[in-house]
Amino acid sequence: MPDEADIAQAINEQHLQDALDNHRRRSDSRSITSGPRLCTDCEEEIPLKRREAVPGCTRCIDCQTLHENWRPIA
């Protein structure tokens, strides 16, 4: 039987997956080439494979990873 932490993790994963699915659905109507080609953080070109995988993305994978994992120093 799962404990509260397992249940919370499962709920969190489902929320994240739902958010990603919603983002993809909203982005499906937009062209891959109409979104930004340059990362909003480092201004390097966002690879085509990433723009195809996540239409409407505004960051390269490295900057997106940093953005998602950023935590203030306590």
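Of the residues in region 57-67, how many are buried (at least 17 other Cβ atoms within 10 Å of the Cβ) and either farther than 18 Å from LEU20 by Cβ or touching a helix residue (DSSP H, G or I) at 6+ places or on another chain (Cβ under 9 Å) (or both)?
At the first step, the residues of region 57-67 found to be buried (at least 17 other Cβ atoms within 10 Å of the Cβ) are 57, 59-60, 63-64.
Checking the rest, the ones that are also either farther than 18 Å from LEU20 by Cβ or touching a helix residue (DSSP H, G or I) at 6+ places or on another chain (Cβ under 9 Å) (or both) come to 57, 59-60, 64.
Number of matching residues: 4.
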Filter region 1-39 for residues that are under 14 Å from the mean Cα position of the chain (by Cα) and surrounded by 13 or more Cβ atoms within 10 Å (Cβ to Cβ); the one that is modelled with the lowest pLDDT is SER27
Margin query: Yes or no: region 47-65 includes at least one residue that is at pLDDT below 85, at negative phi and of a type in the set (Lys, Arg).
Written below: no
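The values are calculated or read from the model by the stated rules, or taken from the named source; none is laboratory data. Because the structure is predicted, anything quoted here is derived from the model rather than measured. We place every Cβ from the backbone using ideal geometry, glycine too, and count neighbours over all the protein chains shown.
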